[in-house]
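Here's a structure for you.
FYI, it's all coordinate maths here, none of it is from the lab. Computed from a predicted model, the values in this text were never measured in an experiment. Reconstructed Cβ throughout: ideal geometry from the backbone, glycine too, with neighbour counts over all protein chains shown.
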Amino acid sequence: MRITQPWQELKTQEALLRDQVNGLTPSQKKRYFAEQTRQLKDPDTYAVLNWAFLGGFHHLYLRKYRLFIVECTLLVIAIIGLVMSQPYFALILVGLVLFELPQLFWPKNCQAVQLPCITLNL
């Protein structure tokens, strides 16, 4: 849900999804809820990982392994450069901060903050 999305529209979508799920057979409901559980991410865990840890650990939680490896590698390189008194490595840190700030306040991955959009192709 986007903050600007009207509440009535959200309630309508929720009611439609609820009606679709209620119309499924028991075996289809079981598969649907298993898939939902697999895809759904807890927003509190995402927020803690994003706020408390450097290096993009929230990407591991969202299963974005490549992005985590890139961010963690850049962070390690920047820290080693700064320890070796190379001030231009601070630019890497600035770049990482600028990349992470929008994700911190406005996460784009809807699965981290709301129910996933699961299609009912059963």
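Could you go through region 72-78 in sequence order and give the Karplus-derived ³J(HN,Hα) for each residue, using 6.51 cos²θ - 1.76 cosθ + 1.60 with θ = phi - 60°, rounded to whole Hz, and x for Gly and Pro?
5, 5, 4, 5, 4, 4, 5
Apply 1/(1 + (r/R0)^6) to the Cβ-Cβ distance of Thr12 and Ala47, taking R0 = 22 Å, and write down the FRET efficiency to the nearest 0.05. Mind showing how you got there, number by number?
Values: r = 28 Å, r/R0 = 1.26.
The calculated FRET efficiency here is 0.20.
Convert each backbone phi in region 96-101 into a coupling constant with the Karplus relation 6.51 cos²θ - 1.76 cosθ + 1.60 (shift: θ = phi - 60°), then list the ³J(HN,Hα) values in order as whole Hz, x for Gly and Pro.
5, 5, 5, 6, 7, 4
Please list, in order along region 88-95, the HN-Hα scalar couplings obtained from phi with the Karplus expression 6.51 cos²θ - 1.76 cosθ + 1.60 (θ = phi - 60°), rounded to whole Hz, x for Gly and Pro.
Each residue of region 88-95 in turn: 5, 5, 5, 5, 5, 5, 4, x Hz.
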